[in-house]
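Comments concern the structure below.
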Amino acid sequence: AVTPEYYNDKGTYTRDNQGFSNNHYTNDTMRNNPIKAKVARDKEDIYFMAECEEALKGDGDSSFMNLYIDSDRLHKTGWEGFDYVIAGNKVYSLASDGTRSEIGNAEYKIIDKTIVYKISRATINLTGMLDFEFKWTDNVTTTDILDFYVDGCVAPMGRFNYRYSETP
(Lines give C-alpha, C1' and ligand atoms only; values in the text may rest on other atoms or scores of the structure.)
Protein backbone atom coordinates (compact mmCIF):
# COMPACT_ATOMS: atom_id res chain seq x y z
CA ALA A 1 0.00 0.00 0.00
CA VAL A 2 3.05 2.29 0.08
CA THR A 3 2.99 5.02 -2.56
CA PRO A 4 4.28 6.37 -4.81
CA GLU A 5 5.55 3.53 -6.96
CA TYR A 6 8.44 4.19 -9.34
CA TYR A 7 8.63 2.12 -12.50
CA ASN A 8 11.40 1.11 -14.87
CA ASP A 9 11.34 -0.67 -18.24
CA LYS A 10 10.73 -4.40 -18.20
CA GLY A 11 12.76 -6.77 -20.30
CA THR A 12 16.44 -7.32 -20.74
CA TYR A 13 18.34 -7.17 -23.96
CA THR A 14 21.65 -8.42 -25.25
CA ARG A 15 24.55 -6.12 -25.80
CA ASP A 16 26.14 -8.05 -28.62
CA ASN A 17 26.43 -6.07 -31.83
CA GLN A 18 28.63 -5.66 -34.83
CA GLY A 19 30.32 -2.26 -34.89
CA PHE A 20 32.08 -0.38 -37.64
CA SER A 21 34.55 -2.37 -39.72
CA ASN A 22 35.72 -5.48 -37.85
CA ASN A 23 34.76 -4.23 -34.38
CA HIS A 24 32.30 -6.33 -32.41
CA TYR A 25 30.90 -5.11 -29.09
CA THR A 26 29.75 -7.49 -26.36
CA ASN A 27 28.76 -6.63 -22.80
CA ASP A 28 27.16 -9.31 -20.63
CA THR A 29 26.95 -7.38 -17.34
CA MET A 30 23.12 -7.26 -17.28
CA ARG A 31 21.98 -9.27 -14.25
CA ASN A 32 19.16 -7.92 -12.04
CA ASN A 33 16.67 -5.59 -13.73
CA PRO A 34 14.80 -3.39 -11.20
CA ILE A 35 11.28 -2.79 -12.53
CA LYS A 36 9.59 -1.19 -9.51
CA ALA A 37 10.79 0.85 -6.52
CA LYS A 38 9.22 2.34 -3.40
CA VAL A 39 10.28 4.49 -0.46
CA ALA A 40 8.81 4.42 3.06
CA ARG A 41 9.88 6.22 6.21
CA ASP A 42 9.35 6.61 9.91
CA LYS A 43 10.90 9.06 12.37
CA GLU A 44 14.23 7.23 12.57
CA ASP A 45 14.73 5.33 9.31
CA ILE A 46 14.10 5.31 5.58
CA TYR A 47 13.23 2.11 3.70
CA PHE A 48 13.96 1.55 0.02
CA MET A 49 12.48 -1.34 -1.94
CA ALA A 50 13.35 -2.58 -5.42
CA GLU A 51 11.54 -5.37 -7.19
CA CYS A 52 13.33 -7.05 -10.09
CA GLU A 53 11.94 -9.14 -12.93
CA GLU A 54 13.51 -12.36 -11.68
CA ALA A 55 14.98 -13.79 -8.47
CA LEU A 56 17.99 -11.73 -7.41
CA LYS A 57 21.49 -12.95 -8.25
CA GLY A 58 24.89 -11.80 -6.99
CA ASP A 59 24.31 -11.06 -3.29
CA GLY A 60 27.67 -10.39 -1.64
CA ASP A 61 29.19 -8.83 -4.77
CA SER A 62 30.16 -5.17 -4.15
CA SER A 63 28.16 -4.11 -7.23
CA PHE A 64 25.02 -6.02 -6.18
CA MET A 65 21.92 -3.80 -6.04
CA ASN A 66 23.63 -0.54 -5.08
CA LEU A 67 21.37 2.34 -4.07
CA TYR A 68 22.65 5.84 -4.89
CA ILE A 69 21.17 8.80 -2.99
CA ASP A 70 21.38 12.50 -3.78
CA SER A 71 20.34 13.79 -0.36
CA ASP A 72 20.61 17.52 -1.09
CA ARG A 73 19.59 17.52 -4.79
CA LEU A 74 22.72 19.54 -5.63
CA HIS A 75 24.76 18.23 -8.55
CA LYS A 76 27.88 20.03 -7.29
CA THR A 77 28.13 17.83 -4.16
CA GLY A 78 29.22 14.20 -3.98
CA TRP A 79 29.90 12.19 -7.13
CA GLU A 80 27.77 13.39 -10.06
CA GLY A 81 25.33 14.72 -7.43
CA PHE A 82 25.11 11.46 -5.48
CA ASP A 83 26.14 11.96 -1.87
CA TYR A 84 25.80 8.35 -0.68
CA VAL A 85 25.72 4.80 -1.93
CA ILE A 86 24.39 1.82 -0.03
CA ALA A 87 25.96 -1.51 -0.96
CA GLY A 88 24.92 -4.54 1.06
CA ASN A 89 25.04 -3.65 4.73
CA LYS A 90 27.42 -0.69 4.27
CA VAL A 91 26.71 3.01 3.76
CA TYR A 92 29.35 5.07 1.99
CA SER A 93 29.74 8.78 1.35
CA LEU A 94 30.90 9.63 -2.16
CA ALA A 95 33.74 12.00 -3.05
CA SER A 96 33.68 13.98 -6.29
CA ASP A 97 35.95 11.40 -7.97
CA GLY A 98 33.61 8.54 -7.03
CA THR A 99 35.72 7.11 -4.20
CA ARG A 100 33.75 5.67 -1.30
CA SER A 101 34.26 6.27 2.44
CA GLU A 102 32.39 3.96 4.79
CA ILE A 103 30.26 6.00 7.21
CA GLY A 104 27.74 3.55 8.64
CA ASN A 105 25.65 0.45 8.33
CA ALA A 106 22.40 -0.47 6.66
CA GLU A 107 20.16 -3.48 6.99
CA TYR A 108 18.86 -5.35 4.00
CA LYS A 109 16.59 -8.26 3.29
CA ILE A 110 16.11 -10.23 0.09
CA ILE A 111 12.95 -12.14 -0.67
CA ASP A 112 13.07 -13.83 -4.09
CA LYS A 113 13.09 -10.88 -6.53
CA THR A 114 12.77 -8.06 -3.99
CA ILE A 115 15.37 -6.26 -1.89
CA VAL A 116 14.64 -3.80 0.93
CA TYR A 117 17.20 -1.49 2.54
CA LYS A 118 16.72 0.12 5.96
CA ILE A 119 18.97 3.14 6.60
CA SER A 120 19.06 5.55 9.50
CA ARG A 121 17.94 9.04 8.43
CA ALA A 122 20.82 10.58 10.37
CA THR A 123 23.44 8.45 8.57
CA ILE A 124 22.46 9.84 5.17
CA ASN A 125 21.58 13.34 6.38
CA LEU A 126 17.85 13.05 5.63
CA THR A 127 16.16 14.56 8.63
CA GLY A 128 13.04 16.71 8.61
CA MET A 129 10.94 17.03 5.46
CA LEU A 130 12.27 14.74 2.76
CA ASP A 131 13.21 15.88 -0.73
CA PHE A 132 15.89 13.72 -2.38
CA GLU A 133 16.71 11.73 -5.49
CA PHE A 134 17.76 8.10 -5.76
CA LYS A 135 18.80 5.46 -8.28
CA TRP A 136 19.20 1.68 -8.20
CA THR A 137 22.14 0.06 -10.00
CA ASP A 138 23.23 -3.53 -10.36
CA ASN A 139 26.55 -4.81 -11.67
CA VAL A 140 27.92 -1.37 -12.56
CA THR A 141 31.55 -1.21 -11.39
CA THR A 142 32.95 2.05 -12.71
CA THR A 143 33.19 5.66 -11.60
CA ASP A 144 32.23 6.96 -15.05
CA ILE A 145 28.59 8.11 -14.93
CA LEU A 146 28.18 7.35 -18.64
CA ASP A 147 28.62 3.64 -17.89
CA PHE A 148 25.09 3.79 -16.43
CA TYR A 149 24.08 3.52 -20.10
CA VAL A 150 26.17 0.49 -21.01
CA ASP A 151 26.91 -1.65 -17.92
CA GLY A 152 24.66 -3.71 -15.70
CA CYS A 153 21.12 -2.53 -15.02
CA VAL A 154 20.03 0.83 -13.64
CA ALA A 155 16.68 2.25 -12.59
CA PRO A 156 15.72 4.67 -13.84
CA MET A 157 17.66 4.41 -17.09
CA GLY A 158 20.88 6.30 -17.78
CA ARG A 159 21.41 9.52 -15.84
CA PHE A 160 17.80 9.95 -14.78
CA ASN A 161 16.89 9.70 -11.08
CA TYR A 162 13.73 9.06 -9.12
CA ARG A 163 12.62 11.89 -6.80
CA TYR A 164 10.96 11.44 -3.43
CA SER A 165 9.50 14.55 -1.83
CA GLU A 166 7.26 15.35 1.12
CA THR A 167 7.15 19.01 0.12
CA PRO A 168 3.78 20.32 -1.03
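The values are calculated or read from the model by the stated rules, or taken from the named source; none is laboratory data. Only a predicted model underlies this, so the values are computations on that prediction, with no experimental measurement involved. Note that each Cβ is placed from the backbone with ideal geometry, even for glycine, and that neighbours are counted across all protein chains shown. Surface accessibility is based on the protein's heavy atoms, side chains included, excluding ligands, DNA and RNA. Shrake-Rupley method; radii C 1.70, N 1.55, O 1.52, S 1.80 Å.
Assuming R0 = 25 Å, what is the FRET efficiency of Leu74 and Thr143, from their Cβ-Cβ distance, to the nearest 0.05?
Calculated value: 0.85.
Excluding same-chain residues fewer than 8 positions from Lys90, which lysines have a Cα within less than 16 Å of its Cα?
Of all the lysines, those that pass the test against Lys90 - Cα under 16 Å, at least 8 places apart if same chain - are Lys109, Lys118.
Among the aspartates and glutamates, which have Cα under 19 Å from the Cα of Lys76 when same-chain residues fewer than 8 positions away are ignored?
The qualifying aspartates and glutamates are Asp97, Asp131, Glu133, Asp144.
With a 1.4 Å probe and every protein chain left in place, work out the accessible area per residue of the chain in Å², rounded to a whole number.
54 Å²
Under the classification rounded if a/c is under 1.5, otherwise prolate if a/b is larger than b/c and oblate if not, where does region 46-168 fall, given a ≥ b ≥ c as square roots of the Cα gyration tensor eigenvalues?
Note, shape of region 46-168 comes out rounded.
Could you work out how far the C-alpha centroid of region 86-133 sits from that of region 1-68, in angstrom?
Centre-to-centre (Cα) distance: 16 Å.
Carbon-plus-sulfur fraction of the accessible area of the chain, 1.4 Å probe, in percent? Please report the intermediate quantities before stating the final value.
Working: 4350 of 9070 Å².
Carbon and sulfur atoms account for 48 percent of the accessible area of the chain.
For the modelled label position 7 Å from the Cα of Val150 along Cα-to-Cβ, which residues of region 14-52 have backbone nitrogen atoms closer than 19 Å?
Flagged as within label range: 14-31.
Stretch Thr127-Ile110 to full length: gain in nm at 0.36 nm per residue minus the Cα-Cα span?
3.5 nm
Using a Gaussian network model on the chain with a 10 Å cutoff between Cα atoms, which of Lys113, Lys57, Lys43 fluctuates the most?
Result for the chain, Cα springs under 10 Å: Lys43 fluctuates most.
Of the peptides 159-166, 146-153, how do they stack up when ordered by the mean number of other Cβ atoms within 10 Å, highest first?
Ranking the peptides 159-166, 146-153 by packing returns 146-153, 159-166.
Once the Cβ-Cβ distance between Asn23 and Phe160 is put in as r, and R0 is 30 Å, what FRET efficiency do you end up with, to the nearest 0.05?
0.55
Given 0.36 nm per residue, what is the gain on full extension from Ser120 to Glu102 after removing their alpha carbon distance, in nm?
Using 0.36 nm per residue and subtracting the Cα-Cα distance, I get 5.1 nm.
Under a Cβ-only charge scheme (Lys and Arg +1, Asp and Glu -1), can you give me the dipole magnitude of region 1-70 about the Cα centre, in debye to the nearest 20?
140 debye
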